[in-house]
Amino acid sequence: MKNLKILMTAFIVGMGLLSFTTTDHDKNKNQNETISVKGYEVGDEAADFKLKNIDGKMVSLSDFKNAKGFIVVFTCNHCPYAKKYEDRIIELDKKYKDQGYPVIAINPNDPNVQPEDGYQQMIERAKQKGFTFPYLVDEGQKIYPQYGATKTPHVFVLKKENGKNIVKYIGAIDNNYDNPNDVSEYYAQDAVNALIKGQPIKMTKTVAIGCTIKVKK
């Protein structure tokens with residue numbers, strides 16, 4: 001009888017340890033899965049996409065046959081930070097489009113969460129500001145998580161290398177969202193200039209400053 005009690009106690013303790021180990025393993029597995037979807041890092045290949053533009057046409061990076069790369073900007077209508085940068089984004093496109101690096105703007109926000117970022121509002125905003133670049137809608141919010149965008153605006157400079165779009169810079173447009181006259185570091189511009197000249201980019205990653213992306217609830 002005494003031996004039976006000892007055996008039962010050992011069995012219960014063993015099952016408890018097994019349960020703890022399994023739970024801990026599952027927890028670590030979930031954590032690893034979360035880590036794996038953080039988006040691109042500098043040097044990664046960026047997958048192409050096919051998103052609807054404000055003119056109703058579908059746009060992909062592969063449509064730009066003569067491009068040397070892209071300035072992909074996740075932005076939107078409503079965000080005060082995004083609004084502050086609109087003119088600077090237009091200037092980036094005007095300056096670099098003919099040099100092979102056009103701006104591709106993508107609105108990642110769910111319009112049910114933020115109605116100001118709806119498709120019709122995108123059309124109106126682009127017309128009002130005179131956007132010179134595609135302004136695409138991330139329907140289903142599938143593209144911004146691939147890139148790892150977290151803010152509007154959030155910039156990803158890509159360069160075509162052997163038929164692939166390689167991430168070369170991630171982060172902010174510059175170091176002063178509030179006043180373009182007070183900017184002292186032109187991160188995105190410097191990155192593109194370096195790529196055009198075939199030189200190393202001095203700062204390949206900065207912290208994007210802006211509004212959080214509005215995710216479907």
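The values are calculated or read from the model by the stated rules, or taken from the named source; none is laboratory data. These numbers were taken from a predicted model, which means no experiment stands behind them. Every residue, glycine as well, gets a Cβ built from its backbone with ideal geometry; the counts of neighbours run over all protein chains shown. For the accessible areas, the whole protein counts, side chains as well, though only heavy atoms, and no ligand, DNA or RNA atoms are used. Shrake-Rupley method; radii C 1.70, N 1.55, O 1.52, S 1.80 Å.
Charging the Cβ of each Asp and Glu at -1 and of each Lys and Arg at +1, and nothing else, the dipole of segment 37-117 about its Cα centre rounds to 200 debye. The solvent-accessible area of THR206, taken with every protein chain present and a 1.4 Å probe, is close to 30 Å². Largest to smallest in accessible area, the residues CYS79, CYS211 fall in the order CYS211, CYS79 (1.4 Å probe, all protein chains included). For the residue pairs LYS50/LYS159; LYS57/LYS142; LYS68/LYS214; LYS52/LYS216, the C-alpha atoms sit more than 21 angstrom apart in LYS68/LYS214.
For segment 111-217, the relative contact order is 28 percent, taking Cα pairs closer than 8 Å that sit 6 or more residues apart in sequence and dividing their mean separation by the residue count. Ranking HIS78, GLY140, ILE104 by Cα position along the charge dipole of segment 67-158, where only Lys, Arg, Asp and Glu carry charges on their C-beta atoms, puts ILE104 farthest toward the positive end. Taking all protein chains together and rolling a 1.4 Å probe, TYR177 ends up with roughly 80 Å² accessible. Computed extension gain for ASP87 through LYS216, at 0.36 nm per residue and net of the alpha carbon distance, reaches 43.6 nm.
For segment 30-185, the relative contact order comes to 33 percent (Cα pairs under 8 Å, sequence separation of at least 6). Computing FRET efficiency as 1/(1 + (r/R0)^6) for GLN120 and ALA47, where r is the C-beta to C-beta distance and R0 is 25 Å, gives about 0.35.
Normalised by the number of residues in segment 134-194, the average gap of Cα pairs under 8 Å and 6 or more apart makes the relative contact order 23 percent. Rounded, prolate or oblate: which fits segment 36-158 when a ≥ b ≥ c are the square roots of the eigenvalues of the alpha-carbon gyration tensor, with rounded for a/c under 1.5 and prolate only if a/b beats b/c? Judged from the Cα gyration tensor, segment 36-158 comes out rounded (a/c under 1.5). Surface composition of segment 89-217: carbon and sulfur make up 47 percent of the accessible area, probe 1.4 Å.
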